[in-house]
Structures are given as structure tokens and as C-alpha cells.
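Notes follow once the structure below has been shown.
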Amino acid sequence: MAQLSDDCFAFGGDLMSMTAALDRVSTVDATVASESVPLKAAHGRILAEPLVAPMNVPPHANSAVDGYAVAFDDLRQNEPTELPIGGRAAPGRALGRAARRGEAIRIFTGAPMPEGLDTVLMQEDCTETNGAVMIPPGIRRGANRRHAGEDIKADSTVLMAGRRLRPQEVGIAVFSTGDEVRDPGTALPPSAIYDANRYVLTALLEGLGAAVTDLGILPDRQSAVHDALAAAARDHDLLLTSGGMSTGEGDHVKAAVEAQGKLHFWRLAIKPGRPVAMGQIGRVPFVGLPGNPVAVMVTFLILARPLVLRLSGAVDVAPRWFRVTAGFEHKKRANRREYVRARLEAAADGWVARKFPRDGAGILSSMVESDGLVEIGEGISVVHPGNPVEFLPFSEVIS
């Protein structure tokens, strides 16, 4: 008995293979027009031309922490060193002169490194008394200093033509803080930097279906931050800030929230992103993210994203993690959780995660060139090649 066909596409003749069909698609000459759009409208668009960096990112060497900038050669190697504090450098406000040998400069995260100094001590490791700072031994040369162009070198190609722009590639929050921060496209005075957070966070939030209000960049004044938060709390469902959550003299977000609401937590045992907070002003939830671009993205994806989904009515807010094999060696403190940027490579027995070679929390290009995050939990102090690790693909959490 002949078997009847139930294939509605069986018209007779040989069928084309899938490989041949895909080959045909790849030969299509797609000639389309290009257009210029504002940066905020670039999310999801395709680059018509290569994107070449017109300047170094960051534009100047700067401090990665709040503390004291010194010349490494002024330090004793086996005993504490006491140095007079000869000045102050803050974000957007450089020292204004070359540093003198034998002095320390009080410095804050993002502040330009004074000429002649190459190393920064964290403030919690030092003791300041009567205009001098006592520095313990053991710091390495160049510690806690970011170099000019550490993320991107001037004239280098950042993205190739044909690249679809994701939030980490659009690069700028809903509410940023800092006297040193400027909007892209505007003039960049000495000691200033372009905002690399507001557009990232806006794109991430819009990918979750949120309606976003851009409150711009607020100055480092507690009254300005206080008033902006109070006004936004009257007609928004969530307040999200970037920067101003650390312990420096120019960090006012924490105090402004506590003055009119409360914080449920602040400073977490994670890396990157320790100065991150959640709280509320009245009944409106508040999320305070760090100022460094990588720390902003990591803490948003891990902490803020589930909150936004819950506020939107979602029940299942946890992304899927995948077990892969570590293709790197990594040491860490056992009492904190770390998120390592990594790219996946196919292997005979599964997937291998290759760690991005630079760890800096300000290197936004690392988020572009990585496929996701490897989570290394508390209780683990070292990861060896071949160890199983948990991997979160960006495709799971970024639309």
C-alpha cells in the first residue's frame, strides 16, 4: 500500500538543504541608507561605519579609590612611612600643580593623578593625624591608579561597522552625580570625563519595558541631590542613581537618601560594585549604583534587574546560569563574591570560559568584548583551570 504524504510542502523534486539556503541568504547584497541618530536612540541600531575613538578613555590618569596619592619611591618598604599632606585632588578639580617629592595628596575616586605621583593608598589603610598621613608598608608600585587610555586608546577602532549596539556599547543613568561628569558631545574641560552610565542604564531599563526619565547629571552638592530625589519620588515608581555612594567628601547620595528615607543595605561584599545600596524614599524604592561603568552594569544585572521585574509584576525574575569550565586562574578574597568578565570558547567536552585579561571596574570595553559573567562565590579563594564555574550569558539578561 502506498503511504500518503502529510507534508504540505512536498511539491515534488529534491528539496534544498538548509546549508544551501543559508548560503543563498549570505550572498544577498544589502545596500541600505544610513542616518544619524541621537545616542539615546542608538540602542538596537546597526553601525553604518566603524566607530573610532577620538580620545583616550579615560582621558587622564586617575585614582581608582578614595585615599592618598604618593610617589612610590618616597615609601619605606619594610616599615610605615609618614608624609605631610600637601594638597587635595577631587573629581573635576585637579591639584593644579606638579606634586613635590616627599608629600602625599588627599585624593578621591576619579580625581586626576597629580604629576609626579604614581601610587594610591586606600584611606582605610592609612591614618591621618595633624596634617600628615601614616602609610603602612606593603603597597605595590602603581596600585589603585588608572592610566590614561586604560580602557580605550585614542584613534583605535572601538566597534566595527555592522555591529548591533547593545546597552554596554551605547555607553551613558537615569541620574548621575559628579562635578567631573559631562554629557557626550559637549566640551570636555581638563580633569573632566564623559558620562558612561546614564545611557547604559537607560537602555537596560527600556529593554525591560520601563519608561525612563533622564534626570541628567547632578553636581556634588548634598542639597542638589536631596532636592532632586525628593522631586523624583513624587511621580516615579523607582529611583536609580549612579555614583556618589562611596565615602568620599563628594559622595552625597547616601546622606540625601537617609535624610528623607532609609537604606536597607549599603556596601556589599562583592566585586566589582561594593558601594551599592537599596532603600526607599517614602514608598518609592531607591537603588544607588556605583560610579564605575563595569560596576554599574554588574550590580544592575545582578541586583537592580530583579527589582525592576518585580515592580513590573513578573514572578520569575531569576536568570538562567550555566555550568561551564574555567579556562583561567583567579585568586580572590574568600569572604566576598566576585563576578569575572569572560568569553566562551567551544571545547570537545563543553564550553570553556576565558577571563578578560584586565580587571578594572572602569573598563567598559571589557563588557563589550565578553560574553557574560562568571560568578565566584563566597568560600572560594582560588579558581584553577578546569574547575566548574557558574556562567551568566549577557543574552540572558540584556535585551
task = For region 340-352, state whether one or more residues are out of contact with any strand residue (DSSP E or B) (no Cβ under 7 Å at 6 or more places or on another chain) and within 26 Å of Gly288 (Cβ to Cβ).
result = no
key: Qualifying positions in region 155-179 - under 16 Å from Asn56 (Cα atoms) and either of a type in the set (S, T, N, Q) or at pLDDT 80 or above (or both)   = Asp155, Ser156, Thr157, Val158, Leu159
task = Restrict the check to region 319-328 and report whether at least one residue is assigned to a strand (DSSP E or B), open to solvent by less than 30 Å² (accessible area, probe 1.4 Å) and either more than 30 Å from Gly149 (Cβ to Cβ) or not small (Gly, Ala, Ser) (or both).
result = yes
ask   = Assuming Val397 fulfils every condition listed in (1) open to solvent by less than 50 Å² (accessible area, probe 1.4 Å); (2) β-branched (Val, Ile, Thr); (3) more than 23 Å from Gly207 (Cα to Cα) apart from one, which condition is it?
value = (3)
ask   = Picking from Glu79, Glu103, which residue would you name as being modelled with pLDDT of 95 or more and more than 30 Å from Gly149 (Cα to Cα)?
value = Glu79
ask   = So which strands (runs of 3 or more DSSP E) stay within region 17-124 end to end and still have 2 or more residues that are out of contact with any helix residue (DSSP H, G or I) (no Cβ under 9 Å at 6 or more places or on another chain) and open to solvent by 50 Å² or more (accessible area, probe 1.4 Å)?
value = 81-89
ask   = When residues of region 329-383 are filtered for being part of a loop (DSSP other than H, G, I, E, B) and open to solvent by less than 10 Å² (accessible area, probe 1.4 Å), how many remain?
value = 2
ask   = Can you tell me which residues in region 183-197 are surrounded by 24 or more Cβ atoms within 10 Å (Cβ to Cβ) and outside any loop (DSSP other than H, G, I, E, B)?
value = none
ask   = Are any of the residues in region 130-151 at pLDDT 95 or above, surrounded by fewer than 21 Cβ atoms within 10 Å (Cβ to Cβ), in a strand (DSSP E or B) and among the aliphatic types (A, V, I, L, M)?
value = yes
request  = Can you give me the ranges of the strands (runs of 3 or more DSSP E) entirely in region 198-309 with at least 1 residues that are open to solvent by 40 Å² or more (accessible area, probe 1.4 Å) and aromatic (Phe, Trp, Tyr)?
outcome  = 262-266
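The values are calculated or read from the model by the stated rules, or taken from the named source; none is laboratory data. These figures come from a predicted structure and were not determined experimentally. Note: ideal-geometry Cβ built from the backbone for every residue, glycine included; neighbour counts use all protein chains shown. Just so you know, the surface numbers come from the protein's heavy atoms only, side chains and all, with ligands and any DNA or RNA stripped out. Shrake-Rupley method; radii C 1.70, N 1.55, O 1.52, S 1.80 Å.
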